[in-house]
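What follows is one structure encoded as structure tokens, with my remarks underneath.
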Amino acid sequence: MNDLMWIDIIAYVLQFMLIAIAVVVVLQKNNSTIVLLVVAFSLVVSGLYVINHAPDVAIAEVAIGAAIIPLIYVISISRQREFIVLDRAMDDFIISNNDFTGIGYVLLKRFTDYYHLELNICNDPGLCSWEAGPDKVICEKTNVDLIVSRDEEKGVYQLKGKESSLLMTKLAQMAEDYDDIEVHTFTERGFGE
Amino acid sequence: MSRKIILVAALGILFVMFFLSMEEMEDLFKNDAKLYFFEHGLDDTGSSNLITAILLDYRLFDSLFEAGILLVAVFGVIWISRHDFEERNAHFMLDKYKTPELFVTLSRFVFPLLLMLGFFIILNGHLTPGGGFQGGAVVATAILLLYYINLERKTDISLIVAVVKFAYLGIVLTASISLITRGEIFTNFMAVDAPTMSKYIYIIALDILIGINVALCLWAIFTAFLKEGR
């Protein structure tokens, strides 16, 4: 059996793999698995390009399809599934006894579990003591979804988020049971303003 | 379930059509353009890699608009994500998406090699497979790995866009020099009867500019996606 026939066999195997991967990508539900399958698809395609004497296209396919696109997808998927809360109260609302057992944490955890989101709480010192930033500006200029702060006069905790987010309606419903928690929303500027 | 069966059947039909069309592709291998490029490509452009010769000399007009489309895509992504103000990401107390240690260590090792491979592909566009676009994409991949090593990394997206604009202007101007030297726009600026060895100066210059353009465009798009989480 000479070399040429081996290359033909490899090409046919790669073509069948391509179709198999394409079908599995469509049927697959898990996002991370899909990203890995897309990478596999790109690698198989670039192998076929090399077999068909197109090394230039193969290099471009490997660089774009197997490196840049999965890197962008991984970032996008991880950002999409998280709910970022900025803790400006800095007391035992979220953390009590050095653990996440505060009343606010329990509420937010229940809320994010309801929507299958990942709860991500941050207390960035730069953001919390940002003089120029009222809550509305922080919400617009950073990737924070919800801001927790304490109103000393009324003695209640305030949860503030964007009015456009449908999640806030549900959060307001869930917070009705608690007396010392208020939910506020503010309107954002429109698209392209 | 029936939708899945229809889907698989449709893919099967596509597969059969693909194999049927393979028979007719034989005709494509008998065209004269290929023979012409094979015969005159090296003398006309000074590039042994005939793909680069076609992209940067014979069909430069197409390549200019390809680079332009990438630039327009960057403007679109930035316009949609509105990054005209000072950007910052919050510092996470609970980072559930921390990059695995193995990936970070491996990235630190791979980063210089990848950068070197990218520059090699750009600078040897006239000799080996690849060129400005491919090398630029590899360099962009190397730069993107830095974001996984250090997630806190800050980038000034407006500076990138400013440099990209000048790189694109450089491509158009380099391609237009031939209007003065040869009286013909969008081709090699060296004289027609110049030695082959000196003609590839033009190819290298254009490859470097296209490499800068592509690498920075992909970097800007990635940064816009990274900052987009609101």
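The values are calculated or read from the model by the stated rules, or taken from the named source; none is laboratory data. In this text, all values refer to a predicted model and were calculated from it rather than measured experimentally. When we count neighbours, we look across all protein chains shown, and the Cβ atoms used for this are built from the backbone with ideal geometry, even at glycine.
Are any residues in region A:63-81 under 20 Å from residue A:161 (Cα atoms) and at the interface with chain B (Cβ under 7 Å from one of its Cβ atoms), and if so, which ones? Passing the criteria: only A:79. Of the residues in region B:76-93, at least one is modelled with pLDDT of 85 or more and out of contact with any strand residue (DSSP E or B) (no Cβ under 7 Å at 6 or more places or on another chain).
A quick yes/no check of all residues on (1) assigned to a strand (DSSP E or B); (2) at pLDDT below 80; (3) loosely packed, with under 14 Cβ neighbours inside 10 Å:
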{"position": "A:17", "(1), (2), (3)": "no, no, no"}
{"position": "A:38", "(1), (2), (3)": "no, no, no"}
{"position": "A:44", "(1), (2), (3)": "no, no, no"}
{"position": "A:60", "(1), (2), (3)": "no, no, no"}
{"position": "A:64", "(1), (2), (3)": "no, no, no"}
{"position": "A:68", "(1), (2), (3)": "no, no, no"}
{"position": "A:75", "(1), (2), (3)": "no, yes, no"}
{"position": "A:79", "(1), (2), (3)": "no, yes, no"}
{"position": "A:86", "(1), (2), (3)": "yes, yes, no"}
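Scanning region B:16-69 for residues that are more than 27 Å from the chain's Cα centre (by Cα) and β-branched (Val, Ile, Thr) yields a single hit, B:16.
Is it the case that some residue within region A:95-105 is farther than 24 Å from residue B:147 by Cβ, in contact with a strand residue (DSSP E or B) (Cβ under 7 Å, 6 or more places away or on another chain) and more than 11 Å from chain B (Cβ to nearest Cβ)?
Yes, region A:95-105 has at least one match.
Consider region B:176-217 and keep the residues that are in contact with a Leu (Cβ under 8 Å, 6 or more places away or on another chain) and more than 15 Å from residue B:131 (Cβ to Cβ). The one that is nearest to the other protein chains (Cβ to nearest Cβ) is B:217. If you go through region B:17-52 and pick out every residue that is within 11 Å of chain A (Cβ to nearest Cβ) and of a type in the set (Val, Ile, Thr), you end up with 2.
Of everything in region A:46-58, what is at the interface with chain B (Cβ under 10 Å from one of its Cβ atoms), crowded, with 17+ Cβ neighbours inside 10 Å and small (Gly, Ala, Ser)? Give them in sequence order. Across region A:46-58, the qualifying residue is only A:58.
In this structure, is residue B:165 among the charged types (D, E, K, R) and either within 21 Å of residue B:206 (Cα to Cα) or in contact with a strand residue (DSSP E or B) (Cβ under 9 Å, 6 or more places away or on another chain) (or both)? Against the criterion (among the charged types (D, E, K, R) and either within 21 Å of residue B:206 (Cα to Cα) or in contact with a strand residue (DSSP E or B) (Cβ under 9 Å, 6 or more places away or on another chain) (or both)), residue B:165 qualifies. Among the residues of region A:15-51, those that are of a type outside the set (Gly, Ala, Ser), within 30 Å of residue B:126 (Cβ to Cβ) and touching a residue at least 24 places away in the same chain (Cβ under 8 Å) comprise A:44, A:45, A:48, A:51. Quick one: is residue B:158 more than 25 Å from residue B:121 (Cβ to Cβ), among the hydroxyl-bearing types (Ser, Thr, Tyr) and surrounded by fewer than 14 Cβ atoms within 10 Å (Cβ to Cβ)? Yes: the conditions hold for residue B:158.
Per the listing B:111, B:119, the residue uniquely at pLDDT 80 or above, within 13 Å of another protein chain (Cβ to nearest Cβ) and in a helix (DSSP H, G or I) is B:111.
Could we say that residue A:143 is in a loop (DSSP other than H, G, I, E, B) and either touching a helix residue (DSSP H, G or I) at 6+ places or on another chain (Cβ under 9 Å) or modelled with pLDDT of 70 or more (or both) here?
yes
The residues of region B:45-85 that are under 30 Å from residue B:226 (Cα atoms) and among the basic types (Lys, Arg) amount to a single one, B:82.
The rows are residues; the columns are (1) at pLDDT 90 or above; (2) part of a loop (DSSP other than H, G, I, E, B); (3) buried (at least 23 other Cβ atoms within 10 Å of the Cβ).
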{"position": "B:130", "(1), (2), (3)": "no, yes, yes"}
{"position": "B:137", "(1), (2), (3)": "yes, no, yes"}
{"position": "B:153", "(1), (2), (3)": "no, yes, no"}
{"position": "B:162", "(1), (2), (3)": "yes, no, no"}
{"position": "B:169", "(1), (2), (3)": "yes, no, no"}
{"position": "B:194", "(1), (2), (3)": "no, yes, no"}
{"position": "B:223", "(1), (2), (3)": "no, no, yes"}
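Looking only at residues of region A:1-15 that are surrounded by 13 or more Cβ atoms within 10 Å (Cβ to Cβ) and either more than 18 Å from residue A:52 (Cβ to Cβ) or within 11 Å of another protein chain (Cβ to nearest Cβ) (or both), we find that the one that is farthest from the chain's Cα centre (by Cα) is A:11.
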